[in-house]
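As structure tokens, the structure follows; a few thoughts come after it.
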Amino acid sequence: MIVILCLARGQPQIAQPMVERLLVRQPNNLIALTAQARLQFARRAHEAALQTYQKMLGLSPDMTPDPRIGLGLCAWVLGDHDTARRAWERALQRVRQFILLKVGI
């Protein structure tokens with residue numbers, strides 16, 4: 001997806017309009033929502049990014065990469081350190097479960 005390439009190259013001004021157009025047509029597109037949340041966080045729109053990460057989590061609780069990581073970052077910046085820690089702990093718990101499943105323990 002070109003949006004991801006633009007984000008990786010540090011071109012948010014090019015990525016933003018593409019993300020907005022895609023979300024108009026597909027409001028639940030997880031890749032576009034991920035890009036939107038990253039753009040919002042980069043613009044310091046932390047509350048908006050938090051809401052986007054929450055939407056992603058609601059749409060796909062088992063999504064990888066885990067939206068809880070971004071949710072935790074937003075909560076931390078907004079001063080809600082307990083929520084941030086809980087989000088990160090849950091993300092770590094999911095990673096541990098995944099590893100145990102892969103190893104067969």
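Among the helices (runs of 4 or more DSSP H) confined wholly to segment 1-72, which include 2 or more residues that are modelled with pLDDT of 95 or more?
Passing ranges, in order: 12-25, 30-42, 46-59.
Filter segment 67-91 down to the residues that are farther than 12 Å from His46 by Cβ and surrounded by fewer than 13 Cβ atoms within 10 Å (Cβ to Cβ) and list them by number.
Of everything in segment 67-91, those that are farther than 12 Å from His46 by Cβ and surrounded by fewer than 13 Cβ atoms within 10 Å (Cβ to Cβ) turn out to be His81, Asp82, Glu89.
So in segment 39-66, with the set limited to residues that are surrounded by 20 or more Cβ atoms within 10 Å (Cβ to Cβ) and within 18 Å of Leu22 (Cβ to Cβ), which one is nearest to the chain's Cα centre (by Cα)?
Tyr53
Conditions: (1) closer than 17 Å to Met63 by Cβ; (2) of a type in the set (A, V, I, L, M); (3) without any contact (Cβ under 8 Å) to a residue 24 or more places away in the chain. Ala8 meets all but one. Number of the miss?
(1)
Pick from Arg86, Arg94: which is modelled with pLDDT under 95, in contact with a helix residue (DSSP H, G or I) (Cβ under 9 Å, 6 or more places away or on another chain), assigned to a helix (DSSP H, G or I) and more than 27 Å from Gln16 (Cβ to Cβ)?
Arg94
Mind listing whichever residues of segment 11-21 are surrounded by 10 or more Cβ atoms within 10 Å (Cβ to Cβ) and either over 17 Å from Ala49 (Cβ atoms) or of a type in the set (Ser, Thr, Tyr) (or both)?
Within segment 11-21, Gln11, Ile14, Pro17, Met18, Arg21 meet the criteria.
The values are calculated or read from the model by the stated rules, or taken from the named source; none is laboratory data. Keep in mind it's a predicted model, so treat the numbers as computed, not measured. So basically every Cβ, Gly included, is an ideal-geometry build from the backbone, and we count neighbours across all protein chains shown.
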